[in-house]
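The values are calculated or read from the model by the stated rules, or taken from the named source; none is laboratory data. Model, not experiment: these values are computed from the prediction. Reconstructed Cβ throughout: ideal geometry from the backbone, glycine too, with neighbour counts over all protein chains shown.
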């Protein structure tokens, strides 16, 4: 019966009405913070997932298994788009496997900009692919589309609050004063001195590495921190070969505030 | 005082332990039962090249490679060249991918697969010894019993069959290099797929 259900899930067509699609595991919607788009100006667009309990989606680095969602935009040539701004993830442990992702709700915000829009109307189209998992994994995809009237200025809507809430989960870029990366006894060691004292009064610090093939997600990690300094160690990934030129880190302080740091590994002692 | 505590705080995140096998190391021996109840040890195949494929027929990434016949083509190509191909199921009882021997044989027949044997690793010991985390997860062991490749089947992590033709097939690449006497150039890659249901 369970297998029959699985087959059914795989062949169930996604029902969608332009900007909205729904499966047994989640629904997904294309949203913007403007009711009407500006002829010249910035606005936010995003893909909003609402997941059924127990199901999860993946971060840009999914961890030991899984796959991050991706979006291919089909837009007017007068609209430019940025990349997905990934919220910081949480650790998902299942069957001894350690993954990074999201439960409940996920917004994938993307900054867009119009320039000298001549049309009175335009359509934002997104081809979205995802892998949603619980004890099983199910791939999904949807073509989402939403039409907008183009006016002089963005007419904000209630989604603006949602984008503002998710902006708090997007890691803030922060600069390094100094940073070293070293490999000792098959462990990656990072020592960072940041320009901001983000660790002052911090009770918990979690570090996620965007690059795959660097550290082992199963292994024990250790870190020490104070004020603007952190020392972090974790075993190397089983598939580790060489350090990438740049390591992108997401540092989460007290499960609340997150920072993104880029560390160059060139001219570092390994 | 709180700052002092923060300064000396050490955070540990300990998870269930996986071992791993390094490239160039002797591949750990194991003994597992096949779908006909016969036991096979890795050491039985001494002197032959062995390919290990962790599998779960319900995983979308496995379906991608079987639905396209990519996996079967690899199996047929190399078993015809006297390579031993072992498909290993590490799904625990009651979890996705756990099948009876009869069902495993039906799957082999239905999918026109060509493994040398389909083996059961019900307690997950062999999978964890090798550090297998996903389905598929691939390993190549040379005729001297040394590990020469571990990781993904190919270079594009997706569940889309259309990506197969665009991807670099790591098994073909490693086997072509090894069988022509060259050093395998890409020995470790990050596997992609569903987590193994230990």
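So that you can scan it fast, the table gives a plain yes or no per residue for (1) surrounded by 20 or more Cβ atoms within 10 Å (Cβ to Cβ); (2) within 23 Å of the chain's Cα centre (by Cα):
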site	(1), (2)
A:188	yes, no
A:193	no, no
A:200	no, no
A:208	yes, yes
Qualifying residues in the range B:71-89 (those that are assigned to a helix (DSSP H, G or I) and under 15 Å from the mean Cα position of the chain (by Cα)) - the one surrounded by the fewest Cβ atoms within 10 Å (Cβ to Cβ):
B:72
Would you confirm whether any residue within the range B:6-19 is modelled with pLDDT of 95 or more, buried (at least 19 other Cβ atoms within 10 Å of the Cβ) and not in a strand (DSSP E or B)?
no
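Say we look at the range A:98-124 and pick out the residues that are more than 20 Å from the chain's Cα centre (by Cα) and assigned to a strand (DSSP E or B); which of these is nearest to residue A:259 (Cα to Cα)? So that I can check it myself, show each step before the final result.
The first filter runs over the range A:98-124 and keeps only residues more than 20 Å from the chain's Cα centre (by Cα), leaving A:113-124.
If we keep only those that are assigned to a strand (DSSP E or B) too, we end up with A:113-114, A:121-124.
Numbers: A:113: 25, A:114: 28, A:121: 38, A:122: 35, A:123: 34, A:124: 30 Å.
Looking at residues that are more than 20 Å from the chain's Cα centre (by Cα) and assigned to a strand (DSSP E or B), I get A:113.
Each row is one residue, and each column tells you yes or no for (1) under 30 Å from residue B:123 (Cβ atoms); (2) surrounded by fewer than 17 Cβ atoms within 10 Å (Cβ to Cβ); (3) modelled with pLDDT under 95; (4) more than 14 Å from chain B (Cβ to nearest Cβ).
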{"position": "A:72", "(1), (2), (3), (4)": "no, yes, no, no"}
{"position": "A:85", "(1), (2), (3), (4)": "no, no, no, yes"}
{"position": "A:101", "(1), (2), (3), (4)": "yes, no, no, no"}
{"position": "A:108", "(1), (2), (3), (4)": "no, no, no, yes"}
{"position": "A:119", "(1), (2), (3), (4)": "no, yes, yes, yes"}
{"position": "A:149", "(1), (2), (3), (4)": "no, yes, no, yes"}
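Being outside any strand (DSSP E or B) and more than 10 Å from chain B (Cβ to nearest Cβ) is the filter here; which residues of the range A:183-210 pass it? First the steps, then the outcome.
Of all residues in the range A:183-210, those outside any strand (DSSP E or B) come to A:185-186, A:195-204, A:210.
Residues satisfying the conditions are A:185, A:195, A:196, A:197, A:198, A:210.
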Is there a residue being within 23 Å of the chain's Cα centre (by Cα) and away from chain B (no Cβ under 11 Å) anywhere in the range A:215-235?
yes
Say whether the condition of being within 15 Å of the chain's Cα centre (by Cα) and in a strand (DSSP E or B) is met by at least one residue in the range B:28-49.
yes
Those residues that are surrounded by fewer than 18 Cβ atoms within 10 Å (Cβ to Cβ), under 30 Å from residue B:21 (Cβ atoms) and either under 24 Å from the mean Cα position of the chain (by Cα) or in contact (Cβ under 8 Å) with a residue 40 or more places away in the chain (or both), I need them from the range A:241-262; list them, please.
A:244, A:245, A:246, A:248
Take residue B:60 and decide whether it is within 14 Å of another protein chain (Cβ to nearest Cβ) and either on the phi > 0 side of the Ramachandran plot or in contact with a strand residue (DSSP E or B) (Cβ under 8 Å, 6 or more places away or on another chain) (or both).
yes
Scope the range B:156-198; condition away from every other protein chain (no Cβ under 13 Å), in contact (Cβ under 8 Å) with a residue 24 or more places away in the chain and either more than 18 Å from the chain's Cα centre (by Cα) or not in a loop (DSSP other than H, G, I, E, B) (or both); matching residues
B:169, B:171, B:172, B:174, B:175, B:178, B:179
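Inside the range B:142-155, can you point out the residues that are within 14 Å of residue B:24 (Cα to Cα) and not in a loop (DSSP other than H, G, I, E, B)?
Initial filter on the range B:142-155 (within 14 Å of residue B:24 (Cα to Cα)): B:142-150.
B:146, B:147, B:148, B:149, B:150, listed by residue number.
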